[in-house]
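Each reported figure results from applying straightforward, stated rules to the coordinates on display, with no laboratory input. Source: prediction; values computed, not measured. No Cβ is skipped: glycine too gets one built from the backbone with ideal geometry, and neighbour counts run over all protein chains shown.
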Amino acid sequence: MQKIIYRLVKETDASEILSIYEPYVKNTAISFEHEMPSLDEFTERIRYISADYPYIICEEDSRVVGYAYAHKQMERAAYQWNAELTVYIDQLHLHCGIGKSLYCALIEILKLQNIRNVYGLVTAQNVNSEKLHEHFEFHKAGILRNTGYKCGAWHDVIWYEKSLGEPSEVPKDFRSIREIEKNKVAIILSMNKN
């Protein structure tokens, strides 16, 4: 039986995560990057994001097979209660429930951080990602038409949004992932099984 675990990222995971990301950059319009980032650049991205937000990996038999993270949705102070979510799954592990488990964990941790709104930016006709957001009851906030050119064509992007709290409530201060009790994060990660 395969052992699957979910845990917070380590910088040493960068090369395995980068190998999952590579086919999305090279062969699809799912990522709008045209060139693969270097290992150093990717490690720095992990370091920057994971300093304040959850960055979660899924391991199967000690091999990274998926990852997801949250990051600032926009820069201004009034947006601090928002986060954008990103998820990538190894091509051989699609449709195994990993994306749902990763998103579920992200959302629960973000609630502890006092995040109120989460967003997903999805290239139109990325059916897997559209279904993932619909599963979590995200709503389409809008479509950016012909906003990215890749793979010889212009692509639309769909903004998905989900509220994690009541808009009438005054939000509590944003808490960095470093401020969240490690045992609470561990419980959330241990509850997420495919």
## Note on the structure
Checked against the positive end of the charge dipole of the range 41-83 (+1 on Cβ of Lys and Arg, -1 on Cβ of Asp and Glu, about the Cα centre), the farthest of Ala77, Ile56, Tyr67 is Ala77
### Query
Normalised by the number of residues in the range 113-193, what is the relative contact order in percent for Cα pairs under 8 Å and 6+ residues apart?
37 percent
### Task
Check the straight Cα-Cα distances from Lys131 and name the lysines below 21 Å, setting aside those fewer than 8 residues away within the same chain.
Lys100, Lys140, Lys162, Lys193
### Task
Report, in deg cm²/dmol and to the nearest 500, the calculated mean residue ellipticity at 222 nm for the chain, where each DSSP H run with n ≥ 4 adds -39500 (n - 2.57) and the sum is divided by the residue count.
-9500 deg cm²/dmol
### Message
I need the shape label for the range 89-128. Rule: rounded when a/c is under 1.5, else prolate if a/b > b/c, else oblate, with a, b, c from the alpha carbon gyration tensor.
### Response
oblate
### Message
Below 8 Å between Cα atoms, with a sequence gap of 6+, how large is the relative contact order for the chain in percent?
### Response
23 percent
#### Entry: Cβ charges +1 (Lys, Arg) and -1 (Asp, Glu), total dipole of the range 23-84, debye
180 debye
### Under the Karplus curve 6.51 cos²θ - 1.76 cosθ + 1.60, θ = phi - 60°, whole-Hz ³J(HN,Hα) for the range 152-164, x wherever Gly or Pro sits
x, 8, 7, 10, 7, 10, 9, 8, 10, 9, 8, 8, 9
### Message
Once you order the gyration tensor axes a ≥ b ≥ c over the Cα atoms, which shape class does the range 7-72 get: rounded for a/c under 1.5, otherwise prolate or oblate by comparing a/b with b/c?
### Response
oblate
#### Entry: Lys/Arg +1, Asp/Glu -1 at C-beta; the range 1-44 dipole; positive extreme among Asn27, Ser38, Ile5
Ile5
### Message
Residue by residue through the range 94-106, what is 3J(HN,Hα) from phi via Karplus (6.51 cos²θ - 1.76 cosθ + 1.60, θ = phi - 60°)? Round to whole Hz and write x for glycine and proline.
### Response
5, 6, 10, x, 5, x, 5, 5, 5, 5, 4, 5, 4
### Message
Could you tell me how far the Cα centroid of the range 62-112 sits from the Cα centroid of the range 121-139, in Å?
### Response
13 Å
## Note on the structure
Non-local residues with an amide H under 5 Å from the amide H of Thr123, with H modelled 1.01 Å from N and Pro and chain starts lacking one, are Ile158
### Summary
Per its Cα gyration tensor (rounded if a/c is under 1.5, else prolate when a/b beats b/c, else oblate), the range 27-147 is best filed as rounded
### Task
For Gly66, enumerate residues with amide H under 5 Å from its amide H, sequence gap 5+ or separate chain, H modeled in the peptide plane.
Cys58, Asp90
### Message
Give me, ordered by chain and number, the residues 5 or more places off Gly148 or on other chains with an amide H under 5 Å from its own placed amide H.
### Response
His155
#### Entry: Where labels lie 7 Å past Cα in the beta-carbon direction, separation of Phe32 and Glu161 in nm
1.8 nm
### Task
With a Förster radius of 41 Å, plug the Cβ-Cβ distance of Val127 and Arg178 into 1/(1 + (r/R0)^6) and report the FRET value to the nearest 0.05.
0.70
### Cβ crowding within 10 Å averaged over residues, with 122-135, 175-188, 57-70 ranked highest first
57-70, 122-135, 175-188
#### Entry: Peptides 160-171, 105-116, 38-49 ordered by average Cβ neighbours within 10 Å, highest first
105-116, 38-49, 160-171
